[in-house]
Amino acid sequence: MKILIVGTGQVGYFLCERLSEEGHEVTLIDQDQEHLNRAQERLNVLGILGNGASAEILEQGGIKEANIFIAVTDMDEVNILACLLAREYGVKTRIARVRSIEYSGQGAVLSKEKLGIDLLINPKDAVAEEMIKIASRQGAFDVAEFVEGQIQFLGYRIGEKSPLCDLTLKELGEIRGMYRFVVTAITRGERTIIPRGDDTIRVGDSIFIFAHHNDLPAIQYLLQPEPEKACRLRRAFILGGGSIGLQIAQRLEKLHFNVRLIERDEARCEYLASKLRRSMIIHTDGTDIRTLSDEGIEGADVFMAVTGNDEDNILCSLLAKKHGAKRALALINKPEYLNLAPSLGIDACVSPRLAAGAVILKHVRRGKVLSLATVEGSNAEVLELQLGEDSPILGQPLKSLHFPRGAIIGAIVRGSEYLIPTGDTVLRPLDRVVVFTRPEALAKVESFFG
């Protein structure tokens with residue numbers, strides 16, 4: 001496909017990287033020559049210098065032949081105007097990133113339908129959603145849901161006390177009758193391994209599993225060896241009372257968390273108090289450990305740092321863990337910090353570019369791809385695909401099919417039935433298949449199911 005992207009910020013660069021790797025013809029428009037040079041030097045993209053909301057510049061970028069138009073600059077109005085121009089040129093799929101609730105909130109006066117835009121994505125909404133999923137799932141640092149929530153994709157770090165430590169995948173398979181889940185990948189250092197039977201899970205590894213949501217209580221001991229006490233109200237601390245922090249607090253209230261929201265701006269504290277029903281608003285700084293200790297940071301289930309400053313988020317998360325918080329999640333904007341923060345002891349990092357990029361990629365790949373999640377650090381992806389009734393791979397056991405190397409089928413949902421695939425599994429029409437794939441195998445996976 002021919003794809004035109006306006007904006008070379010973090011989201012724009014991420015999309016260029018992914019889509020160009022898949023062999024699409026990507027043209028990038030930006031007003032910053034330095035940003036364009038960086039993208040053209042590192043990626044297989046064509047750069048056009050100019051204003052993405054200019055018809056003349058868009059024509060230089062080949063908008064008349066474009067299949068997909070994506071506007072992800074830092075200015076809502078530029079993105080929306082650019083998409084309106086793309087509509088006039090007949091571009092089939094139009095996507096805009098917006099930050100203002102005036103466009104993306106419920107009851108917005110100018111909705112995506114009125115603007116004729118297929119997808120309006122607010123990175124803050126995507127970040128809040130990701131944070132909620134991770135906070136709600138005990139011990140996991142990465143969470144995604146597929147097949148209407150039936151299939152859970154979870155990432156766990158292996159510590160010295162983990163029952164999985166030093167087990168081979170073959171040994172783990174022998175106890176699968178009691179614990180129904182599939183280890184689809186192991187991240188060790190900078191390597192992502194699609195494991196085989198003789199691969200061993202080691203201390204310090206990150207493992208990624210697929211499991212049915214009904215099976216999670218049974219396997220929780222293996223994944224998180226220190227179970228929660230029953231009937232205890234979970235306690236969450238949120239650092240940062242901006243729009244992301246407020247949205248997370250509202251959602252956690254509905255999930256019956258005991259919420260404490262930390263904000264250093266007094267006027268903002270008063271606003272937050274008017275918007276939240278049961279949360280406690282604490283007017284202080286995230287480094288004020290004495291106050292946080294008085295409010296119960298020791299033993300808190302989760303500490304979530306979502307200010308606009310990466311360094312503050314990392315530092316305050318580490319302080320919270322040192323003073324007794326069980327888990328710490330941090331909002332990280334800078335890509336170079338995403339792999340550093342977990343090595344320091346932060347349980348999970350959420351990236352706005354990754355969260356927004358995943359939503360956009362899912363929309364771009366509509367068709368057989370029903371859902372998509374990205375895995376930070378490895379550039380791997382998880383795809384949910386549905387098989388058509390005329391697919392050439394139907395009726396044959398998986399072991400006889402040449403499934404792409406660097407990818408693995410983790411789960412199959414057939415009606416109300418959930419299958420852990422084996423070599424003898426036969427795919428049937430309308431099966432929904434969830435696949436973990438490394439970036440080099442992605443195009444082959446889509447072709448395999450095409």
Going by the alpha-carbon gyration tensor, a ≥ b ≥ c the square roots of its eigenvalues, is the chain rounded (a/c under 1.5) or, if a/c is not under 1.5, prolate (a/b greater than b/c) versus oblate?
-> oblate
Across bins of 10 angstrom width beginning at 0, how are the C-alpha pair distances of the stretch 2-87 distributed, in whole percent?
-> 20, 59, 21, 0
Total formal charge among the other residues, if their Cβ is under 13 angstrom from that of G62, Lys/Arg +1 and Asp/Glu -1 | -2
Over what distance in Å are the Cα centres of the stretch 407-450 and the stretch 17-72 separated?
-> 33
Of F257, G241, M304, farthest towards positive along the dipole that unit charges on Lys, Arg, Asp, Glu beta carbons give the stretch 235-305 = F257
Based on the Kirkwood radius over alpha-carbon pairs, what is the Stokes-Einstein translational diffusion coefficient of the stretch 192-343 at 10 °C with 1.306 mPa s viscosity, in µm²/s?
-> 92
Placed amide H near L261: partners under 5 Å, 5+ positions off or other chain = I238, M280, I281, I282
Among 32-38, 295-301, what's the highest-first ranking by average C-beta atoms within 10 angstrom per residue?
-> 295-301, 32-38
Tell me, what is the percent relative contact order of the chain, built from C-alpha pairs under 8 Å that lie six or more residues apart?
-> 11
Relative contact order (percent, whole number), the stretch 256-298, Cα cutoff 8 Å, 6+ residue spacing = 41
Spacing of the two label points (7 Å from each Cα toward its C-beta) at L233 and R180, in nm = 3.6
For the chain, share of DSSP beta bridges that run antiparallel, in % to the nearest 5 = 50
Could you tell me which of A341, I3, S162 has its Cα farthest along the dipole of the chain towards the positive end, charges placed at Cβ (Lys, Arg +1; Asp, Glu -1), taken about the Cα centre?
-> S162
Using a 1.4 angstrom probe, figure out how much accessible area the stretch 336-450 has per residue, in square angstrom, rounded to the nearest whole.
-> 42
Among beta bridges assigned by DSSP with both residues in the stretch 275-406, the antiparallel ones amount in percent, to the nearest 5, to 50
By its C-alpha gyration tensor, with a ≥ b ≥ c as the square roots of the eigenvalues, how is the stretch 1-148 shaped: rounded for a/c under 1.5, else prolate for a/b larger than b/c, else oblate?
-> oblate
How much solvent-accessible surface does T307 expose, in Å² to the nearest 10, with a 1.4 Å probe and all protein chains in place?
-> 30
Excluding ligands, DNA and RNA, what is the solvent-accessible area per residue of the stretch 270-322 at a probe of 1.4 Å, expressed in Å²?
-> 52
Computed about the Cα centre, the charge dipole of the chain from +1 Lys/Arg and -1 Asp/Glu charges at the Cβ has a magnitude in debye, to the nearest 20, of 1040
Accessible-area order (highest first, 1.4 angstrom probe) of the listed residues E145, E22 = E145, E22
Return the carbon/sulfur percentage of the accessible area of the chain, one whole number, probe 1.4 Å, all protein chains in place.
-> 47
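The values are calculated or read from the model by the stated rules, or taken from the named source; none is laboratory data. Bear in mind the structure is a predicted one, so any value in this text is a computation, not a measurement. Backbone-built Cβ (ideal geometry, glycine too); neighbour counts: all protein chains shown. These accessible areas exclude ligands, DNA and RNA; they are computed on the full protein's heavy atoms, side chains included. Shrake-Rupley method; radii C 1.70, N 1.55, O 1.52, S 1.80 Å.
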